[in-house]
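Inspection log for the structure reproduced underneath, given as structure tokens.
A short reminder: the numbers here are calculations on the coordinates, not readings from a lab. Only a predicted model underlies this, so the values are computations on that prediction, with no experimental measurement involved. Note: ideal-geometry Cβ built from the backbone for every residue, glycine included; neighbour counts use all protein chains shown.
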Amino acid sequence: MPYFSHKDETHSSAVVPEIKMRTEGLMKKYGATTALHPVDLNVHTGELLTLLGPSGSGKTTLLQLICGLTEPGGGELFIDGINKTWAPTHQRDIGVVFQNYALFPHLTVEENIAFPLQMRRVNAAEIRTQVARALDMVGLAGFGHRFPRELSGGQQQRVALARCLVYQPSLILMDESLSALDRQLRENMQVEIKRIHRETGATIIFVTHDQEEALALSDRVCLMNAGRIEQIGTPVEIYESPRTAFVADFIGISNKLSGQITAGGHLMCPDGQLPLPAPPTGRDHQHAVMVIRPEHIELTEHSGYLHGEVVETIYVGSETRLLIKLASGALMTARQSTGNTPRQLGERVFLHWQPSHARLIPG
Ligand SMILES: Nc1ncnc2c1ncn2[C@@H]1O[C@H](COP(=O)(O)OP(=O)(O)OP(=O)(O)O)[C@@H](O)[C@H]1O
Ligand SMILES: [Mg+2]
């Protein structure tokens, strides 16, 4: 089943998407600790949304509130427009895959996958068909008679996914489901999840603290920090237009320069006057931070907005990262594609960029 391409709420031309799941002021306290401050979140039908954030930011708490494993301290939860705040887990039509895949060790792969169907009293012939289909979907046809202990970690992970997919829940929650896997397997599973998502049309909420995984998988990323939603948007929006310093730092490498906005449309910094990405809107004299991603910085010999010295070169295969020290001592990161003549330590360079590639965030 195809699903629509999603647009951020900020795009006025966006088709209004159907809402699969919505929270209104949903929150959770454990004693004096607020694990989740009141959260308003809309998840669109058929989208793959990742909850991304550092350890302790409230991702698992939010997921547990959605599937009903934890009671909220306030707020409401709607699934398909119906208030499910206090509904038991089995009345929410949600599939859950946790990090510790919790397969039944004494049941074979087939029996593990059949379990949720047996609980739903599906007839035996139908169970056989559905189990075979689910095994096929996760690339494990032929593994049905093995026991979990006879499988690798990644294969067990796929069985857990198949057991979740087999009863075709329309909302799937996955908590750090790939974090136990090695890099290669993890990337393979990301491709699998994208394919399964495309083929089933299910709505998926995927928790991770890995920013690359979030950017690779998601229709939208919901970045969490200290129990709050910091920013929500498409991977491109989150990466290219971070709204706060936290987002800029958490996603990718960012260069940040602080200064004061001038009436002439510049940011006055210790190392130079930088052109603003857009005309100032009555914000002169305010403090602000300019964010520029390394790939937007061009190094030249003759002119640029900043000037500095190459103090470190870091080769990472596809590119070389250059650290450039400005007169104030601030360090900037730039990238150089492999194949170009490498810059030398001690070389003096100018840094230039298209003003429209910079972003301004509150200082
Ligand atoms: N059962 C609990 N009792 C007390 N505090 C809890 C409980 N569960 C979570 N917390 C606290 O709530 C906050 C959010 O925890 P949560 O598990 O949601 O974080 P997370 O974003 O999933 O982190 P991680 O990436 O480490 O899994 C943390 O400060 C945590 O210590
Ligand atoms: Mg967690």
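What to note about this one:
- Lysines whose Cα lies under 22 Å from that of Lys325, excluding same-chain neighbours fewer than 8 positions away: Lys256
- Shape of region 190-324, Cα gyration tensor, a/c cut at 1.5: oblate
- The GNM of the chain, with springs linking C-alpha atoms under 10 angstrom apart, assigns the highest mean-square fluctuation among Arg343, Arg120, Arg146 to Arg120.
- For Lys20, a cut-off of 26 angstrom between C-alpha atoms picks up these lysines, skipping any fewer than 8 places away in its own chain: Lys7, Lys28, Lys29, Lys59, Lys84, Lys194.
- Relative contact order for region 253-362, counting Cα pairs under 8 Å that sit 6 or more residues apart, in percent: 31
- Cleavage-rule hits (GluC sites (Glu not before Pro)) in region 270-334: DSSP loop, at most 15 neighbouring Cβ within 10 angstrom: Glu301
- Counting Cα-Cα pairs of region 253-362 in 10 Å increments starting at 0 gives whole-percent bin shares of 15, 47, 28, 9, 1.
- Charge dipole of the chain about the Cα centre (unit charges at C-beta), most positive-ward option of Ala35, Ile297, Gly68: Gly68
- A simple rule links phi to the HN-Hα coupling: the Karplus curve 6.51 cos²θ - 1.76 cosθ + 1.60 with θ = phi - 60°, which for region 73-84 gives x, x, x, 9, 10, 10, 10, 6, x, 9, 5, 10 Hz, with x for Gly and Pro.
- The chain, relative contact order in percent, only Cα pairs under 8 angstrom and at least six apart counted: 15
- Across Ala32, Ala327, Ala162, mean-square fluctuation computed from a Gaussian network of the chain (C-alpha pairs under 10 Å connected) peaks at Ala32.
- Within a Gaussian network of the chain (alpha carbon springs, distance under 10 Å), most fluctuating of Tyr30, Tyr167, Tyr239: Tyr30
- Helix axis angle, 183-200 relative to the chain longest principal axis, alpha carbon, degrees: 70
- For the chain, diffusion coefficient by Stokes-Einstein and Kirkwood Rh (Cα), 37 °C, 0.692 mPa s, µm²/s: 142
- Tilt relative to the chain, helix 124-137 - C-alpha long axis, 0 to 90 degrees, to 10: 20
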